[in-house]
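Report on one structure; see the data block that follows.
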Amino acid sequence: MKIEHQISQAVIEAVSELYGQTVPEELVQLQKTKATFEGNLTLVVFPFVKISRQRPEDTAQAIGGHLLAHCKAVARYNVVKGFLNLVIAPAAWIELLNDIDADDSFGRRKAGDDAPLVMIEYSSPNTNKPLHLGHVRNNLLGWALAQILEANGNRVVKTNIVNDRGIHICKSMLAWQKWGNGETPETSGKKGDHLIGDYYVAFDKHYRAEVETLKTQYISEGMDPEKAEEKAKNEAPLMKEAHEMLVRWEHNDPEVRALWERMNDWVYAGFDETYRALGVSFDKIYYESNTYLEGKKKVEEGLQTGKFFRKDDNSVWADLTKEGLDQKLLLRADGTSVYMTQDIGTAAMRFSDFPIDKMIYVVGNEQNYHFQVLSILLDRLGFKWGKELVHFSYGMVELPNGKMKSREGTVVDADDLIATMIGDARRMSDELGKFSDMTEEEKQEVARIVGLGALKYFILKVDARKNMLFNPAESIDFNGNTGPFIQYTYARIRSIMRKASEAGITPSGTLGDDMPISEKEIELVQKMNDFTVAVADAGQNYNPSGIANYCYELTKQFNQFYHDYSILNAEDPRQKTVRIVLARNVAKIIRQGMALLGIEVPERM
């Protein structure tokens with residue numbers, strides 16, 4: 001941004017000297033010059049017309065003349081109506097390239113001790129099943145958002161809330177008791193989360209059979225089919241047993257609690273393995289089995305202070321009609337909590353643990369209403385960030401063959417997906433001959449990096465608010481807007497750097513301002529400089545896809561440059577030096593940009 005800042009200051013000085021008025025920097029609108037006109041940056045002159053009391057063209061001419069005379073960054077200019085197109089001097093671009101080259105953390109702002117503390121919640125798994133494709137999108141978005149906000153100068157705490165209680169947990173526990181025969185992850189050879197997920201599916205299978213039998217019986221007795229089905233669901237013995245187990249859990253039954261802890265430990269070990277494979281982690285993990293009690297306490301406090309009310313059946317509610325909503329249940333008639341209560345409790349525990357300035361929830365868009373209500377309730381309960389909490393609402397991941405249903409066992413399992421992507425990357429790399437002169441260990445590591453890069457990039461390049469169709473075959477392509485395309489370009493540049501080093505060409509220090517730089521090279525420097533804007537925009541708008549698409553555009557522009565111009569075989573040694581510095585900084589920015597998305601880049605491919 002150094003050139004833009006120089007020009008902005010020079011425009012402010014020009015307006016002051018020409019028209020006797022001081023204007024704020026935000027009035028100076030600079031943009032990239034359209035390809036049909038000569039120039040690098042264009043100043044929008046219309047905001048200054050009232051000050052100059054001249055035609056836009058005359059105002060532009062006057063400001064342009066002043067810039068040419070007093071700002072060394074401006075080489076020449078032209079006027080098109082109310083737009084002043086500025087050609088930036090080559091020396092200014094060399095200076096900018098030197099700045100980028102000298103800054104190992106280019107594009108990032110360091111967080112000070114007094115920087116805002118942002119907490120991000122993501123993942124939120126249930127302990128009755130393994131992570132699936134939907135969780136993959138959630139985790140990748142949450143991790144990327146954390147990296148991007150850190151790069152924008154925030155302190156970030158990454159948290160997870162584990163849904164480890166409720167009827168769905170009891171279903172898996174009951175099924176294991178009935179049909180498990182003491183099976184464990186060790187005896188079965190399965191990851192713990194997969195083992196428990198199998199029993200969740202088994203419960204549903206047996207429950208459906210019971211419902212169908214009862215429904216047939218009720219219909220034969222003359223009951224309406226719709227009512228028969230509803231009654232069968234309520235009367236099915238298996239579901240009644242699951243509810244009885246939940247009540248025993250709520251009352252701290254030692255046997256039920258011991259089983260619950262044992263099975264949850266299996267699941268957590270499985271989750272941790274998947275998180276490591278995805279490259280995500282958390283600073284703090286909360287558990288609903290703890291937070292729901294804190295939530296009940298907060299609701300009782302709100303009841304005593306008149307923020308909530310109790311109905312005749314003993315249930316507790318929040319009246320949100322003044323906010324244009326309805327009434328919201330917080331405690332059932334039997335005193336048990338609902339999801340909203342648990343979220344209030346989790347918020348209270350987090351606020352006690354950390355001085356949060358902003359809270360961001362990475363949760364699917366089917367929960368939009370829930371977080372609208374939660375924001376109002378937290379604000380009502382006195383949490384300073386409640387009113388401004390951010391629901392990072394994202395769309396669902398769909399498959400070519402339809403939506404996923406975990407209780408039917410038709411999900412795309414995260415572990416299977418990761419293994420498939422790595423396998424596909426290995427197979428495709430072998431077919432394309434990209435693994436020459438590598439050991440087997442190196443081949444496997446590159447396949448891991450490329451396979452996961454393909455998965456992560458394909459998901460993160462899509463605007464998070466949109467539903468998306470995940471296509472593994474398309475994601476692994478080495479051409480087009482894909483992770484492997486960007487990774488391959490990075491590896492290609494690193495290969496060029498190694499060859500340059502072997503030839504004794506390793507530019508160090510700063511480039512002289514008289515070094516040659518062509519228009520295509522200037523365009524590449526300008527694109528590299530846009531990284532700072534891309535990072536800032538992604539942080540301001542909570543938009544990881546902005547970083548993904550910037551990396552693609554930079555990569556595409558470099559490849560075009562590399563196609564048109566030789567780097568190591570440039571005839572002029574000074575030109576060769578400039579291009580090597582250009583290339584190594586493109587690689588640096590690609591590496592840093594992809595890292596913000598949690599994507600690794602290989603040194604060789």
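Annotations for the structure displayed:
- Angle in degrees between helix 56-70 and the longest Cα principal axis of the chain, rounded to the nearest 10: 70
- Residue-by-residue Karplus 3J(HN,Hα) for the stretch 276-292, coefficients 6.51, -1.76, 1.60, Hz, glycine and proline x: 4, 5, 7, x, 10, 7, 9, 7, 7, 10, 10, 10, 4, 4, 9, 6, 5
- The aspartates and glutamates whose alpha-carbon is closer than 20 Å to the alpha-carbon of Lys233, local same-chain residues fewer than 8 away aside, are Asp204, Glu210, Glu212, Glu221, Asp224, Glu241, Glu244, Glu408.
- Among 357-366, 473-482, the order from most to least packed when residues are scored by Cβ within 10 Å on average: 357-366, 473-482
- Over the chain, DSSP H runs of length four or greater, each weighted -39,500 (n - 2.57), average out per residue to a 222 nm ellipticity of -18500 deg cm²/dmol.
- Per-pair calculated FRET efficiency, R0 = 22 Å: Tyr565 and Ile505 via Cβ, rounded to 0.05: 0.90
- Correct choice for Rg/Rh (Cα atoms, Kirkwood Rh) that was computed from the model, options (i) 1.06; (ii) 1.04; (iii) 0.97: (i)
- In terms of the mean number of neighbouring beta-carbon atoms within 10 Å, the peptides 569-575, 173-179, 509-515, 545-551 order highest first as 545-551, 173-179, 509-515, 569-575.
- For the chain, the dipole from Cβ point charges (+1 on Lys and Arg, -1 on Asp and Glu) about the Cα centre works out to 800 debye, to the nearest 20.
- Fraction of accessible area attributable to carbon and sulfur, the stretch 424-518 (%, probe 1.4 Å): 46
- Of Lys205/Lys296; Lys322/Lys387; Lys158/Lys384; Lys50/Lys527, pairs whose Cα-Cα distance is over 23 Å: Lys205/Lys296; Lys50/Lys527
- Length gained when the stretch Glu553-Glu186 is fully extended (0.36 nm per residue, less Cα-Cα span): 127.3 nm
- Modelled spin-label separation between Asp379 and Asp104, with each label point placed 7 Å from Cα along the Cα-to-Cβ direction: 4.5 nm.
- The slack in the chain from Gln54 to Glu255, taken as 0.36 nm per residue of separation less the alpha-carbon distance, amounts to 63.7 nm.
- Point-to-point label distance, Asp326-Ala277, nm (Cα→Cβ direction, 7 Å offset): 4.1
- Length available on full extension from Val44 to Lys227: 0.36 nm per residue minus the Cα-Cα distance, which gives 59.0 nm.
- Residues of the stretch 88-107 with amide N under 18 Å of a point placed 7 Å along Cα→Cβ from Phe37: 88-89
- Taking the C-alpha atoms only, the angle from helix 133-151 to the longest principal axis of the chain is near 40 degrees.
- Taking all protein chains into account, the per residue accessible area for the chain stands at 46 Å² (1.4 Å probe).
- Expressed as a whole percent, the accessible area of the stretch 232-291 that falls on carbon and sulfur atoms is 48 (1.4 Å probe).
- Annotation: for a label point projected 7 angstrom from Cα along Cα→Cβ of Asp113, residues of the stretch 345-365 with backbone N closer than 20 Å are 354-357.
- Each of Gly182, His563, Thr420 was scored by the projection of its Cα onto the charge dipole of the chain, and the greatest displacement toward the positive side belongs to His563; charges sit on the C-beta of Lys, Arg, Asp and Glu.
The values are calculated or read from the model by the stated rules, or taken from the named source; none is laboratory data. Predicted model only: the values in this text are computed from it and were never measured. Positions of Cβ are generated from backbone atoms using ideal geometry, with glycine treated the same way; all protein chains shown enter the neighbour counts. To get the accessible areas, we keep the full protein, side chains included, count just its heavy atoms, and leave off ligands, DNA and RNA. Shrake-Rupley method; radii C 1.70, N 1.55, O 1.52, S 1.80 Å.
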